[in-house]
């Protein structure tokens, strides 16, 4: 599978309604703690095979990481096992650049970079 074969959206096209769509953040724990999208589901890339059942099989799954490398691999994997996974182009770096909402796991302001 090549990049051109992967369904892709920009950060501005990720649905805000998490009732019908899942925003899956595949970054590592320390990256997640610094800042992430409100309502996102966090499963680090390496954990996806063991934790795939935590992802709603009936939802569109928008997959994001910091810039795109890990999320591209996650989308390829999830689509192979039957999910409707979509690559979020530009990742959380683009999310922050476009001033989309961020939350953090501490008292410090949320940030990606």
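Structure notes:
- Here Cα Rg over 2.2 N^0.38 Å was computed from the coordinates, and among (1) 1.12; (2) 1.04; (3) 0.97 the match is (3).
- Across the chain, the relative contact order, built from alpha-carbon pairs under 8 Å that are at least six residues apart, equals 34 percent.
- Expressed to the nearest 5 percent, the antiparallel share of DSSP beta bridges inside the chain is 5 percent.
- By the count of other C-beta atoms within 10 Å, a proxy for reagent exposure, 95, 32 are ordered fewest to most as 32, 95.
- Helix 69-80 and the long axis of the chain differ in direction by around 30°, with both axes built from C-alpha atoms.
- Footprinting exposure proxy for 42, 36 (fewest neighbouring C-beta atoms within 10 Å first): 42, 36
- Adding -39500 (n - 2.57) for every DSSP H run of four residues or longer, then dividing by how many residues the chain holds, sets the calculated 222 nm ellipticity at -6500 deg cm²/dmol.
- Neighbour-count ranking [beta-carbon atoms within 10 angstrom, fewest first] of 53, 105: 53, 105
All of the numbers you see were taken from the coordinates with simple rules; none came from a lab. Note that this is a predicted model, so its numbers are computed, not measured. For neighbour counting, all protein chains shown are included, and Cβ atoms are generated from backbone atoms with ideal geometry for every residue, glycine included.
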